[in-house]
Amino acid sequence: MPELYIDGQRISVAAGTSVAAALALAGDGCSRSALNGTRRAPLCGMGVCQECRVSIDGQRRLACQTPCRDGMRVETRR
């Protein structure tokens, strides 16, 4: 079971879980905020909409296309 950190919150997920699914398990499921402050969440689940952009270990990634791994640090744009 990978254990990762989402905005500093430690969470354990099943092997093979995407970061987008981990976001949903960890709280509101949102990955970023729009310019007007509205919280945004993954939409398409296949990387087309780009709504799931997050920072993973300091690199911009798509949460729906990234499997969780142990020790991963995910930061959303709040």
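The values are calculated or read from the model by the stated rules, or taken from the named source; none is laboratory data. Since the structure is predicted, the reported quantities are computational estimates derived from the model, not experimental observations. Cβ atoms come from the backbone with ideal geometry, glycine included; neighbour counts cover every protein chain shown.
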Scanning the stretch 6-24 for residues that are of a type in the set (A, V, I, L, M, F, W, C) and under 20 Å from Gln50 (Cα atoms), which turns out surrounded by the fewest Cβ atoms within 10 Å (Cβ to Cβ)?
-> Ala24
Could you list all residues from the stretch 19-34 that are under 16 Å from Arg73 (Cα atoms) and assigned to a strand (DSSP E or B)?
-> Arg32
Looking at the stretch 42-78, which of the residues that are among the basic types (Lys, Arg) and touching an Asp or Glu at 6+ places or on another chain (Cβ under 9 Å) is modelled with the highest pLDDT?
-> Arg73
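Quick one: is Arg60 surrounded by fewer than 15 Cβ atoms within 10 Å (Cβ to Cβ) and touching a Phe, Trp or Tyr at 6+ places or on another chain (Cβ under 6 Å)?
Values: surrounded by fewer than 15 Cβ atoms within 10 Å (Cβ to Cβ): yes; touching a Phe, Trp or Tyr at 6+ places or on another chain (Cβ under 6 Å): no.
No: the conditions fail for Arg60.
Quickly run through the stretch 27-41 and pick out the residues that are under 15 Å from Cys64 (Cα atoms) and either among the aliphatic types (A, V, I, L, M) or touching a helix residue (DSSP H, G or I) at 6+ places or on another chain (Cβ under 8 Å) (or both).
The initial filter retains those residues of the stretch 27-41 that are under 15 Å from Cys64 (Cα atoms), namely 29-32, 40-41.
Gly29, Cys30, Ser31, Ala41 - these are the residues of the stretch 27-41 that are under 15 Å from Cys64 (Cα atoms) and either among the aliphatic types (A, V, I, L, M) or touching a helix residue (DSSP H, G or I) at 6+ places or on another chain (Cβ under 8 Å) (or both).
When you go through Gly45, Gly71, Gly37, Gly16 one by one, which is the residue that is under 12 Å from the mean Cα position of the chain (by Cα), on the phi > 0 side of the Ramachandran plot and either part of a strand (DSSP E or B) or not polar (S, T, N, Q) (or both)?
Numbers: Gly71 fails: under 12 Å from the mean Cα position of the chain (by Cα); Gly37 fails: under 12 Å from the mean Cα position of the chain (by Cα); Gly16 fails: under 12 Å from the mean Cα position of the chain (by Cα).
Residue meeting the stated conditions: Gly45.
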Considering the stretch 48-68, residues that are of a type in the set (A, V, I, L, M) and within 10 Å of the chain's Cα centre (by Cα), and then whichever is farthest from Gly8 (Cα to Cα), we arrive at Leu62
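Of everything in the stretch 48-68, what is in a strand (DSSP E or B) and β-branched (Val, Ile, Thr)? Give them in sequence order.
At the first step, the residues of the stretch 48-68 found to be in a strand (DSSP E or B) are 53-56, 59-62, 67.
Listed by number, the residues that qualify are Val54, Ile56.
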Which condition number in (1) among the hydrophobic types (A, V, I, L, M, F, W, C); (2) surrounded by fewer than 17 Cβ atoms within 10 Å (Cβ to Cβ); (3) more than 14 Å from Tyr5 (Cβ to Cβ) is the one that Cys30 fails?
-> (2)
